[in-house]
């Protein structure tokens, strides 16, 4: 554009356009020039730079919605800008000049570390960047479209200091620009399996300009023209946006200050999310440059994107200190209640009821209270567990007695002393499990079964922290999408940390660590497991729950699933890896099993030896090898097509798919499920 405006101004002033046919190239000459350029070195460079890179992978930015195929995207975007300000600009440019790195390279390094934090720890980052493409002096005065997009890949080490990252990015940027003449089409041709390059969706731009006449003002003779914005506005707060996320830095050379603009697709982001991302980037830049103690020697994983108001919210979550009377055993408290109100109604079910004194009589002969009142320790055994697991638990706990029902007494052989009980209280309708999502439909069912004055509480916590550590009063009118697990109970502390034991930002997934009065002493005779799950933070012992949670902007915790591959299905803990190993014993070469919804398991499998029909038959025959651990899972081939039309079927569905090998990470699994479910429903 500058070439065109220069020629236009000269023509306007002189009344003619001077062209030297002997010295100037034309745009039509560019293809011939490109064919004459040796491409071997460039080809080898890009092949090595993107070796083992998943070209189609798009970075896991904090999207508000799932990605749609291009035909369903509306192209709407939003634009958020902020100025660095005089102090931050000066500090940034001082760091740039004193370390021998250009402002563009330093901003690129800052962008990479920001993406590392924003994606919750992704270290293999590949983004796109436009280059001018005028790599020869004689092309500088030719009017034409020379822009080429190149991928910039940074495989950072989270333990690097920021200075080490800067050195690495400088090398990446300079080598990439050296071979930027290699056309994007030829780069992509080196990866024939790539269908939609992900690096094009997240890109970086750097622009420098002089502001004497204003960056958008152009003088033609004595006339002044205002250049149109590069962003096409379609509304007050909306622009056209073809790509997911573009970060643009502008450097005003006259006042020597910088500004930042983020363009993001509204197909994926809410405007408030983009605004929050901009605030986090600004905050991180201040940490890096606008402080007396620049953290150049600290590992980059220690950088924080948490905003000041979020720090207060996180701190308030653990203000749970209250005074309690001296602790007593639960059965002692129950007896105290009986003595205080012996004739008061204790429990009621339909037309049956018991007073506290009557309940005391019954609990001394059955159930948990009977065991505790006898001075024993209660260890629950599930009749749905396979027999070998039941025997292992009895042996490990050195149980002297097992209470059984007439339907479960055949689970134990004669070497184990068992006592039959004549009655059990079973509630088949109101069934909720510790350590998994409280289904919204269950909350609605419960609401319909109780009076308006009754409150429904969602308690969360594993056995290792004495069952419950958080709670939430369920509001069916507002908790329509998901039901939070709430806030920490008194004298408990909850930390949401990433893989580097750093606090995550609000609305970002992290592992839940629980400390406080209820943390257990350890596993019986399993010091190895005890050591694995305990961690000391600020002098306090915390338990690694293995659960993923996130905090919303109201300070409520939301359960997101397991960090490992363990799930709960109908109250039964199931290790997905065990099912996968069983399936892999067949002719299947690759297998991923996930939980979908409340009742379904879905297996995605590949096999090069047998066709889909044979594959399904093989899995069905070997179902017994999965064991009683998954006895309620049925492989129902005939009703496979009904998976999207029924919510009552409780089966494992087998999908035979082709393509690259699966990625075993939990979040990748859920993304795979979401994509296939979405396509099937369409």
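A few remarks follow.
- Taken as a whole, the condition of being within 30 Å of residue 360 (Cα to Cα) and surrounded by 16 or more Cβ atoms within 10 Å (Cβ to Cβ) applies to residue 331.
- Yes/no for residue 519 being in contact (Cβ under 8 Å) with a residue 24 or more places away in the chain, under 22 Å from residue 319 (Cα atoms) and part of a loop (DSSP other than H, G, I, E, B): yes
- Among the criteria (1) surrounded by 11 or more Cβ atoms within 10 Å (Cβ to Cβ); (2) modelled with pLDDT under 75; (3) in contact with a strand residue (DSSP E or B) (Cβ under 9 Å, 6 or more places away or on another chain), the one residue 420 does not fulfil is (1).
- Test: residue in region 135-156 that is under 36 Å from the mean Cα position of the chain (by Cα), at pLDDT 90 or above and in a loop (DSSP other than H, G, I, E, B): yes
- The number of residues in region 474-495 being farther than 20 Å from residue 321 by Cα and in contact (Cβ under 8 Å) with a residue 12 or more places away in the chain comes to 8.
- Residue list for region 41-71, filter: surrounded by 17 or more Cβ atoms within 10 Å (Cβ to Cβ), over 30 Å from residue 550 (Cβ atoms) and under 26 Å from the mean Cα position of the chain (by Cα): 50
- Scoring residue 275 on the criteria (1) touching a helix residue (DSSP H, G or I) at 6+ places or on another chain (Cβ under 8 Å); (2) modelled with pLDDT of 95 or more leaves a single failure, condition (1).
- Contact annotation: no residue pair with Cβ atoms under 6 Å, 6 or more positions apart or on different chains, pairs a residue in region 180-191 that is under 14 Å from residue 128 (Cβ atoms) with a partner that is at pLDDT below 90 and part of a helix (DSSP H, G or I).
- Where residue 544 falls short, out of the listed (1) surrounded by fewer than 19 Cβ atoms within 10 Å (Cβ to Cβ); (2) outside any strand (DSSP E or B): (2)
- Residue list for region 260-275, restricted to those being part of a helix (DSSP H, G or I) and either closer than 10 Å to residue 78 by Cα or free of Cβ contacts under 8 Å to residues at least 24 places away in the same chain (or both): 271, 272, 274, 275
- Restricting 321, 257 to residues that are outside the structural domain of residue 506 (by TED's automatic domain parsing), buried (at least 19 other Cβ atoms within 10 Å of the Cβ), more than 27 Å from the chain's Cα centre (by Cα) and touching a residue at least 24 places away in the same chain (Cβ under 8 Å) narrows the list to 257.
- Top-ranked residue in region 164-187 [being out of contact with any strand residue (DSSP E or B) (no Cβ under 9 Å at 6 or more places or on another chain) and more than 21 Å from residue 120 (Cα to Cα); ranked as surrounded by the most Cβ atoms within 10 Å (Cβ to Cβ)]: 170
- Residue check for residue 270: at pLDDT below 95 and surrounded by fewer than 19 Cβ atoms within 10 Å (Cβ to Cβ): yes
The values are calculated or read from the model by the stated rules, or taken from the named source; none is laboratory data. Bear in mind the structure is a predicted one, so any value in this text is a computation, not a measurement. Counting neighbours? That spans all protein chains shown, and the Cβs are built from the backbone with ideal geometry, glycine included.
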